[in-house]
Amino acid sequence: MTSAEPRRKRMPRAERERQMLAVAEEIFAARGYLNTSVDDIAERVGVSKPMIYEYFGSKEGLLLATLRQARGELFEASSRAVVGAATAEEALRRAMTAFFRFVDEHRRSWELLRNETALAGTGAMAEVEAIRNEQSQLNATLISAFTPEVPQRQLEVLAETLVGACERVALWHVQREDSTPEATAEYLMNVIWAGMAGLADSYGVRDPK
């Protein structure tokens, strides 16, 4: 390189990491974990294979990082959606809508979260379960804020039920291009809310009007 040639600017580490995660998320979701190699990702990003290992340690480490990123995005979207909700019904509808909107807007992340058979290693499976647990805890906190008299075990079962229902309905949602996140959330609310309202009434708790 001559003195007249500009020196190539090095990409900041945080920016390079985001780039690697975006590419890895796309390839993992499209091909599955087992059918993806670190070479595939490195080539697409335009870096060396050793650099991927330097950042993430292994292919599984890279997968874990993409799952943690998706986990953070989902938790932030769900938490932000329920801020300011005046009733349990409104909060639940907002949370469900946010979840199905996440599925639509972050389809690659959703593919990673739902395709458990493509995941290898106990670390990845544990991370998927951690995502479920985090959503369940968020649901429990949300429900207890409006129905504080519901016993803890009943609350936990209800929170887990919501997580499972949302996951299964999301599988239906992604195959129906004619259903919006708002419409899908309303379909599920029609099933879930009657039971929740009845549960609240059975413990003498009602939504404020």
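The values are calculated or read from the model by the stated rules, or taken from the named source; none is laboratory data. Note that the coordinates shown come from a computational prediction; the quantities given were computed from them, not determined experimentally. In this analysis, Cβ positions are derived from the backbone assuming ideal geometry, glycine residues included, and neighbour counts consider all displayed protein chains. All accessible areas refer to the heavy atoms of the entire protein, side chains included, with ligands and DNA or RNA removed. Shrake-Rupley method; radii C 1.70, N 1.55, O 1.52, S 1.80 Å.
Some points to look at:
- Residue check, Val150 within 24 Å of Gly32 (Cα to Cα) and not in a helix (DSSP H, G or I): no
- Candidates Glu149, Glu160 - the one that is open to solvent by 20 Å² or more (accessible area, probe 1.4 Å) and modelled with pLDDT of 90 or more: Glu160
- Check on Glu60, in a helix (DSSP H, G or I) and within 25 Å of Tyr187 (Cα to Cα): no
- Taken together, the residues in the range 170-197 that are assigned to a helix (DSSP H, G or I) and surrounded by fewer than 18 Cβ atoms within 10 Å (Cβ to Cβ) amount to 13.
- Some residue of the range 65-86 being outside any helix (DSSP H, G or I) and either acidic (Asp, Glu) or in contact (Cβ under 8 Å) with a residue 40 or more places away in the chain (or both): yes
- When the range 120-146 is filtered for residues that are hydroxyl-bearing (Ser, Thr, Tyr) and crowded, with 18+ Cβ neighbours inside 10 Å, only Ser136 remains.
- Annotation: of all residues in the range 11-58 being acidic (Asp, Glu) and in contact (Cβ under 8 Å) with a residue 60 or more places away in the chain, the one that is surrounded by the most Cβ atoms within 10 Å (Cβ to Cβ) is Glu25.
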